[in-house]
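All remarks here apply to the structure that follows.
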């Protein structure tokens, strides 16, 4: 998705939105029937109306889903999984003991044959909002949906080494993928008819394409990237054409359009990817894939070979218990298996569930019944979904919630622009918002309170560290000497650039964020248990040594002295990389390297990005020694994503959003997939990542991940920049802030105890 200016790490569990808690609220308040009819109105970004736990994609939708569907396991304030949710676990945080409860227990057993058993036991008193009990059958149904050969949601549970999973998923192909693979000229009609093929390519796929491009156009307009949601405006905003003074759009293909249609837009996208519809969808999707707009019949699988009729590693061991067996140790599995449990009787077909005869609530390869409920969820969480209307999602307290009905009976998610977040809380159109925190926003908030603080008589602010971090990345193959990104000369080249860039982080980040962010020195979120801390004996400031390993800076240096020291160190690195250095200037590049590289930054074309000031200062400094760092500030962030996908960008600015577990496989392992934007292909790093991934000892994993981080910093492909804070803004006048969860953290927000939140009496909400 291109919705956020961040690259996302895949994961099943969205940390810290809704976690289980005790039978009493964490403030010691007994939960009971809802006591207030005054709605709690929460500001939200645009929703995609994918409210299913299986197919949710966007963060705004996920927040709603988390209130409807509980996770099999929950987590504490430190982000650790609660393994004994039924009885509860008491853990100390910030000097206070908190008890956490959830809907299940889990016991992990490592067997002598190398397999690992995960034994889940459900509470026997959980009910869905329609009154039906939650049992092991619902857990098994939910797991089989996530693991179905036709599943195309965002969860990656199917990547786990579950015993028998490969045999279950083999010999199957999703119909539309099979048709795309075979092409419109296919003459083998073993698995579908000629008529089906013609219907698909001539009618149904183009129709889906028009709906898809309209979705892109709607997204561009909603985000302010285009003036309206017409094809012409969307094509221009999305990098598919330039409009001249006469209103004529020239597309990348060279074709010109006075008034292009959505079909024209679709055809231009397909042409750009040489007819590869899958690649086009994967790369250009805004908030819904091309294939989301196909009829469900195309999303069913066809049997192209033999496959197992069940997954050997998923066993029903009792009415309220399930065992999942993995063939290998995978430390990340507990997070992936902590799925959201959905009611089989609602999302599936009870007539098609017979565990003993390998029937799991739907026909294998056909999730049409599940997809049909995407916009109308039913679950066992604290709230139940009522409707989505006029960009407002209406929720109602679930009286059957195992913690007791929420104190606030009615809840609304109201679509609100970023510019209206803080004013909306002040004016009463919303009660809670999460504006993007910056120095300016915090000053605005404090200015509204009579005491000049960010929490006061009008507004209450709760800040927590964002589970992710901002960085500046380099493609090791593009910024190299002689095309070998792993050579010492190539590393020295990148270290020359990184050393100059890194020295400007402190002042610039403080100017942009103020107290809402801090500079980090390792490419990992500071919120992670694996993150090195300043108190660690081997903690180092990133890119603070010269080519000989000597410290560049001293404590008594002024800022200007530090800048000069960084340039001097950079000259040493340039010379080590094979550049000609004379009289304090870089005068010539070695063969296979350049005197100029470009960094792309999605700063809206006006420099609005926390790293823009850093790069501006670094570029000016490098010019003084004869080197050119070009800054390409793009108004259309799609240019950045396209370039990253194509591997054509030298340097870029982005952010990582992290999962609960700091698994580094996706972004640093050579087999991690397209998230590895740095082009690192190192057997040594691969082994370290896998050593950490396949060990359950957290202290060992932390030490091994530290080795990985040191390796990445030495490879000089990622400059860690900032750990920002994010926060929620509450109306002190309308929300009883004393009922909010105490000691909120990155992993445990106010949502985690939403059943305790009370509203102050008021006549109406605007």
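The values are calculated or read from the model by the stated rules, or taken from the named source; none is laboratory data. Just so you know, these numbers come straight off a predicted model, no measurement behind them. Cβ atoms come from the backbone with ideal geometry, glycine included; neighbour counts cover every protein chain shown.
Scanning region 669-698 for residues that are closer than 19 Å to residue 525 by Cβ and at pLDDT below 90 returns 669, 672, 675, 676, 677, 693, 698.
In summary, helices (runs of 4 or more DSSP H) completely within region 285-387 and bearing 1 or more residues that are surrounded by 18 or more Cβ atoms within 10 Å (Cβ to Cβ), in contact with a strand residue (DSSP E or B) (Cβ under 9 Å, 6 or more places away or on another chain) and not assigned by TED's automatic domain parsing to the domain that holds residue 200 occur at 333-337, 344-347.
Considering 455, 446, which residue is assigned to a loop (DSSP other than H, G, I, E, B) and surrounded by fewer than 20 Cβ atoms within 10 Å (Cβ to Cβ)?
Details: 446 fails: assigned to a loop (DSSP other than H, G, I, E, B).
The conditions single out 455.
When you scan region 105-121, how many residues do you find that are in a loop (DSSP other than H, G, I, E, B) and surrounded by fewer than 16 Cβ atoms within 10 Å (Cβ to Cβ)?
First pass over region 105-121, keeping only residues in a loop (DSSP other than H, G, I, E, B): 111-115.
This time we only want the ones that are surrounded by fewer than 16 Cβ atoms within 10 Å (Cβ to Cβ), so: 111-114.
Selection size over region 105-121: 4.
The number of residues in region 647-670 being part of a loop (DSSP other than H, G, I, E, B) and within 21 Å of residue 239 (Cβ to Cβ) comes to 4. Take the conditions part of a loop (DSSP other than H, G, I, E, B), closer than 23 Å to residue 150 by Cβ and in the same structural domain as residue 206 (by TED's automatic domain parsing) and apply them to residue 280. Does it pass? No: the conditions fail for residue 280.
Per the listing 524, 509, the residue uniquely outside any helix (DSSP H, G or I) and crowded, with 23+ Cβ neighbours inside 10 Å is 524.
Does region 720-739 contain at least one residue that is within 25 Å of residue 540 (Cβ to Cβ) and part of a helix (DSSP H, G or I)? Working first, answer last.
Looking only at region 720-739, we keep the residues that are within 25 Å of residue 540 (Cβ to Cβ), and these are 720-725.
Pick out the ones that are also part of a helix (DSSP H, G or I) and you get none.
No, region 720-739 has no match at all.
Give the residues of region 671-692 that are assigned to a helix (DSSP H, G or I) and touching a helix residue (DSSP H, G or I) at 6+ places or on another chain (Cβ under 6 Å), sorted by residue number. Full working, then the answer.
Within region 671-692, the first condition is being assigned to a helix (DSSP H, G or I), and the residues that meet it are 683-692.
Residues satisfying the conditions are 685, 688, 689, 691, 692.
Go through (1) in contact (Cβ under 8 Å) with a residue 24 or more places away in the chain; (2) surrounded by fewer than 22 Cβ atoms within 10 Å (Cβ to Cβ); (3) within 21 Å of residue 521 (Cα to Cα) and name the single condition residue 760 misses. (3) is the only condition that residue 760 fails. Among the conditions (1) farther than 23 Å from residue 267 by Cα; (2) surrounded by fewer than 19 Cβ atoms within 10 Å (Cβ to Cβ); (3) over 25 Å from the mean Cα position of the chain (by Cα), residue 158 misses just one, which is (3).
Entry remark, region 81-97: residues being touching a residue at least 60 places away in the same chain (Cβ under 8 Å) and either over 28 Å from the mean Cα position of the chain (by Cα) or in a loop (DSSP other than H, G, I, E, B) (or both) number 5 in total.
Applying a threshold of 6 Å to beta carbon distances and a minimum spacing of six or more residues, or different chains, the list of pairs starting in region 168-179 at a residue that is at pLDDT below 95 and ending at one that is assigned to a strand (DSSP E or B) and crowded, with 20+ Cβ neighbours inside 10 Å reads 172/301; 174/301. Only a single item in (1) in contact with a helix residue (DSSP H, G or I) (Cβ under 9 Å, 6 or more places away or on another chain); (2) under 30 Å from residue 376 (Cα atoms); (3) surrounded by fewer than 19 Cβ atoms within 10 Å (Cβ to Cβ) is not met by residue 83, and it is number (2).
Among the residues of region 122-150, the ones that are assigned to a loop (DSSP other than H, G, I, E, B), surrounded by 23 or more Cβ atoms within 10 Å (Cβ to Cβ) and within 23 Å of the chain's Cα centre (by Cα) come to 2 in all. A Cβ distance below 6 Å, combined with a sequence gap of six or more or placement on separate chains, defines the contacts here; from region 224-239, residues that are not assigned by TED's automatic domain parsing to the domain that holds residue 266 reach no residue that is buried (at least 21 other Cβ atoms within 10 Å of the Cβ) and assigned to a loop (DSSP other than H, G, I, E, B).
Of all the numbered requirements in (1) in contact (Cβ under 8 Å) with a residue 40 or more places away in the chain; (2) touching a helix residue (DSSP H, G or I) at 6+ places or on another chain (Cβ under 8 Å), residue 303 misses one, and that requirement is (2).
I'd like to check which strands (runs of 3 or more DSSP E) are fully inside region 567-646 and have at least 3 residues that are without any contact (Cβ under 8 Å) to a residue 12 or more places away in the chain and not assigned by TED's automatic domain parsing to the domain that holds residue 223.
Per the criteria, 580-582.
Considering 450, 438, 455, the condition of being under 27 Å from residue 526 (Cα atoms), modelled with pLDDT of 95 or more and outside the structural domain of residue 595 (by TED's automatic domain parsing) is satisfied by 455 alone. Selection of region 159-177 for residues being in a helix (DSSP H, G or I) and in contact with a strand residue (DSSP E or B) (Cβ under 8 Å, 6 or more places away or on another chain) yields only 175.
Residue by residue, here is whether (1) buried (at least 17 other Cβ atoms within 10 Å of the Cβ); (2) outside the structural domain of residue 458 (by TED's automatic domain parsing); (3) within 17 Å of the chain's Cα centre (by Cα) holds:
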| residue | (1), (2), (3) |
| --- | --- |
| 655 | yes, yes, yes |
| 659 | yes, yes, yes |
| 665 | yes, yes, yes |
| 679 | yes, yes, no |
| 684 | no, yes, no |
| 693 | yes, yes, no |
| 718 | yes, yes, no |
| 734 | yes, no, no |
| 745 | yes, no, no |
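Does residue 547 satisfy the criteria of being out of contact with any strand residue (DSSP E or B) (no Cβ under 8 Å at 6 or more places or on another chain), within 29 Å of residue 484 (Cβ to Cβ) and surrounded by 15 or more Cβ atoms within 10 Å (Cβ to Cβ)? Yes, satisfied.
Within region 600-619, which residues are farther than 15 Å from residue 721 by Cα and crowded, with 16+ Cβ neighbours inside 10 Å?
Step one: of region 600-619, the residues farther than 15 Å from residue 721 by Cα are 600, 602-608, 619.
Hits for region 600-619 are 600, 602, 603, 604, 619.
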